[in-house]
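K.L.:
Have a look at this one.
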Amino acid sequence: MSDGFDGGRPARVSRMKATPSEPWLSVHAVAEYTFCPRAGLLAYENKRADPDDTPPAFDTLPRFEIQAIEAELARNYQRLMRWLWSVLVIAASSPIAVYLRQYWYLVLAGVALVYLTHQSLSVLMVLQELLRRRKTLLDGRCEEPDPYSEIMQPTNWFGLLNLGFESRDVKDALRDNDWNLEGKPWRILQKGSLCIPVFRTRSSQEAPREPQIVKIMAYCRLSSVVFGSECPYGIILTGEDYSGFVVPNCERFRTDFHNSLVSLRHLAQAAEHRNESTVTYDSRKCSRCPLGQPRSALLGQRIVRFGAPLPPFKNDDGQHSDCGDRFEWEPPYRQSFGQDN
Ligand code: SF4
């Protein structure tokens, strides 16, 4: 009997099914658990947002959907026309002011022209950027992902849009009431009966890492449950050019997700009853883990447990780390980092 679902169809019984009293887990915490059980527990207890979810605060112009770019282009063309008409009216009325010796009007007209020119140039720069983005989007090409393949395939966001996939923003977290799992993919791509979750990573890489595969499998589960559509694969975008990988939603890739979900649920329950035994870890992963990175205890940032901040577990230099505070130890962050380099 399968313990998952096949091609988006939920299985009849699964070990991932949760009772209402069992904890809700985020996709981020489950993915973190795959990297390190301690990281998973920290993400669960602190309800931290997924860093991949955080969009850049600057740049409010659309980039990812052609309809949004076209709408913004139209809006800015209208703005430009308004500014140019104003310039024309002021320029045309100035000779009349000279004729009537109304020199105060010329002073006001000069100030207005400077302002309008500045505004027009700003709009022109926005238009230039939007046209560049539209060209990038329209030039994007990739193969249509094979929904029956069980190997990863390369892909490209803009190519997928040009193949007819429609991008849908996800406002609220998707929730699976059977598995007590929730999470919010970056976008959902829809085409026919397909409903494909997508998330972006911050760094370019040659292949997805294990926690990222777990994360996209979790989003496939949520998408198929919430939207009731076929979800034969998920997409991980990496790097600046919005290329990435199609990850098949097959048993081979789902197993780690299922294992992490069940294990983290047990660990979270044990931790809530204060009877978790030693939480395992692999010290080789600590060398660059941000949760083990020491920082000054004076900075005042604290992780929480049972809703209250934990006291810092300081080393001899008066520094502490999130993982160190929670598990009362000193992760080998600096030592390993130095050896690796
Ligand atoms: S510092 Fe080490 S033990 Fe702690 S969360 Fe990171 S990898 Fe795991």
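K.L.:
Can you pull out the trypsin sites (Lys or Arg not before Pro) in segment 36-107 that DSSP calls coil and that have at most 13 other Cβ atoms within 10 Å?
P.N.:
Those that pass, being in a loop and sparsely packed, are Lys47, Arg101.
K.L.:
Oh, and also: Which GluC sites (Glu not before Pro) from segment 220-265 combine a DSSP loop assignment with at most 15 other Cβ atoms within 10 Å? Mind showing how you got there, number by number?
P.N.:
Details: sites: Glu230, Glu240, Glu251; in loops: Glu240.
Sites meeting the loop and neighbour criteria: Glu240.
K.L.:
Stokes-Einstein at 20 °C, 1.002 mPa s, Kirkwood radius from Cα pairs: D for segment 28-151 in µm² s⁻¹? Mind showing how you got there, number by number?
P.N.:
Values: Rh = 19.9 Å.
Once the numbers are plugged in, D ends up at 108 µm²/s.
K.L.:
Return the loop-located trypsin sites (Lys or Arg not before Pro) in segment 123-168 (DSSP other than H, G, I, E, B) with at most 15 other Cβ atoms within 10 Å of their own Cβ; answer none if there are none. Display every interim value, and only then the final one.
P.N.:
Details: sites: Arg132, Arg133, Arg134, Lys135, Arg141, Arg168; in loops: Arg141.
When the trypsin sites (Lys or Arg not before Pro) of segment 123-168 are filtered for loop state and at most 15 Cβ neighbours within 10 Å, Arg141 remain.
K.L.:
Counting each DSSP H run of 4 or more residues in the chain as -39500 (n - 2.57), what helix-only mean residue ellipticity at 222 nm follows after dividing by all residues, to the nearest 500 deg cm²/dmol?
P.N.:
-14500 deg cm²/dmol
K.L.:
Lys/Arg Cβ at +1, Asp/Glu Cβ at -1, dipole of the chain taken about the Cα centre: which of Pro145, Trp104, Thr278 is farthest positive-ward?
P.N.:
Most positive-ward Cα: Trp104.
K.L.:
On a full-extension model of 0.36 nm per residue, what is the gain between Asn177 and Asp241, subtracting their alpha-carbon distance, rounded to one decimal in nm?
P.N.:
Working: separation 64, 0.36 × 64 = 23.04 nm, distance 3.59 nm.
Between Asn177 and Asp241, full extension yields 19.5 nm more.
K.L.:
Additional query: Between Gln128, Gln293, Gln102, which gets the highest mean-square fluctuation from a Gaussian network model of the chain, Cα cutoff 10 Å?
P.N.:
Looking only at Gln128, Gln293, Gln102, the biggest GNM fluctuation is shown by Gln102.
K.L.:
Next up: Give, rounded to the nearest 20 debye, the magnitude of the charge dipole that the chain has about its Cα centre when Lys and Arg contribute +1 at Cβ and Asp and Glu contribute -1 at Cβ.
P.N.:
920 debye
K.L.:
Right, something else. Roughly how many percent of the accessible protein surface of the chain is carbon and sulfur, given a 1.4 Å probe and a whole-percent answer?
P.N.:
It is 56 percent, rounded to a whole number.
K.L.:
Further question: If you average 1/r across every pair of different Cα atoms in segment 134-209 and take the reciprocal, what Kirkwood value do you get, in Å? Write down the numbers at each step before the final one.
P.N.:
Values: mean 1/r = 0.0699 Å⁻¹.
When all Cα pairs of segment 134-209 are included, the Kirkwood radius is 14.3 Å.
K.L.:
Which percent of Cα pairs goes in each bin when the distances of segment 174-233 are cut into 5 angstrom slices starting at zero?
P.N.:
4, 18, 29, 24, 15, 8, 2
K.L.:
Something else now. Send over a whole-number figure in Å² for the accessible area per residue of the chain, probe 1.4 Å.
P.N.:
With the other protein chains kept in place, the chain gives 55 Å² per residue.
K.L.:
Suppose R0 equals 35 Å; then what is the FRET efficiency for Ala308 and Glu129 from their Cβ-Cβ distance, rounded to the nearest 0.05? Mind dumping the intermediate values first?
P.N.:
On the way: r = 47 Å, r/R0 = 1.35.
The calculated FRET efficiency here is 0.15.
K.L.:
Only four residue types carry charge here, +1 at the Cβ of Lys and Arg and -1 at the Cβ of Asp and Glu. Report the dipole size of segment 197-341 about the Cα centre in Debye, rounded to the nearest 20. All intermediate terms of the calculation are to be shown ahead of the outcome.
P.N.:
Working: 18 positive and 17 negative charges, 49 e Å.
Rounded to the nearest 20 debye, it is 240 debye.
K.L.:
Let me ask something else about it. Please work out the C-alpha center-to-center distance from segment 132-209 to segment 217-269 and express it in whole Å.
P.N.:
The distance from the Cα centre of segment 132-209 to that of segment 217-269 comes to 12 Å.
K.L.:
Separate question: Segment 190-341: D in µm²/s via Stokes-Einstein (Kirkwood Rh, Cα pairs, 10 °C, 1.306 mPa s)? Each step should come with its number before you reach the end.
P.N.:
Numbers: Rh = 18.3 Å.
Roughly 87 µm²/s, to the nearest whole number.
K.L.:
Could you give the length gained on full extension between Ser193 and Tyr103, defined as 0.36 nm per residue of separation minus the Cα-Cα distance, in nm?
P.N.:
On the way: separation 90, 0.36 × 90 = 32.40 nm, distance 6.88 nm.
In short, 25.5 nm is gained.
K.L.:
Roughly what would the spin-label model give for Asn315 and Arg288, points 7 Å off Cα along C-beta, in nm?
P.N.:
1.8 nm
K.L.:
Can you give me the orientation-averaged projected area of the convex hull built on the Cα atoms of segment 84-128, in nm²? Please list the in-between numbers first.
P.N.:
Values: hull surface 11.6 nm².
The directionally averaged projection comes out at 2.9 nm².
K.L.:
Which parts of segment 107-123 would a label at Leu84 reach, counting a residue when its backbone N lies under 18 Å from a point 7 Å out along Cα-to-Cβ?
P.N.:
113-123
K.L.:
For the chain, modelled as a GNM with alpha-carbon contacts under 10 angstrom, which of Val30, Val262, Val107 fluctuates the most?
P.N.:
For the chain, modelled as a Gaussian network with Cα springs under 10 Å, the answer is Val107.
K.L.:
Once fully extended, how much extra length lies between Arg141 and Arg252, figured as 0.36 nm per residue of separation less the alpha-carbon to alpha-carbon distance? Show your work: numbers first, answer last.
P.N.:
On the way: separation 111, 0.36 × 111 = 39.96 nm, distance 2.82 nm.
Roughly 37.1 nm would be gained on extension.
K.L.:
Kirkwood Rh over alpha-carbon pairs of the chain, then Stokes-Einstein at 4 °C and 1.567 mPa s: what D in µm² s⁻¹, rounded to an integer?
P.N.:
Values: Rh = 23.6 Å.
In µm²/s, the coefficient is 55.
The values are calculated or read from the model by the stated rules, or taken from the named source; none is laboratory data. Note that the structure is a prediction, hence the values are computed from the model and not measured. FYI the Cβ positions are ideal-geometry reconstructions off the backbone, even for glycines, and counts take in every protein chain you see. Just the protein is used for accessible areas: all its heavy atoms, side chains included, with ligands, DNA and RNA removed. Shrake-Rupley method; radii C 1.70, N 1.55, O 1.52, S 1.80 Å.
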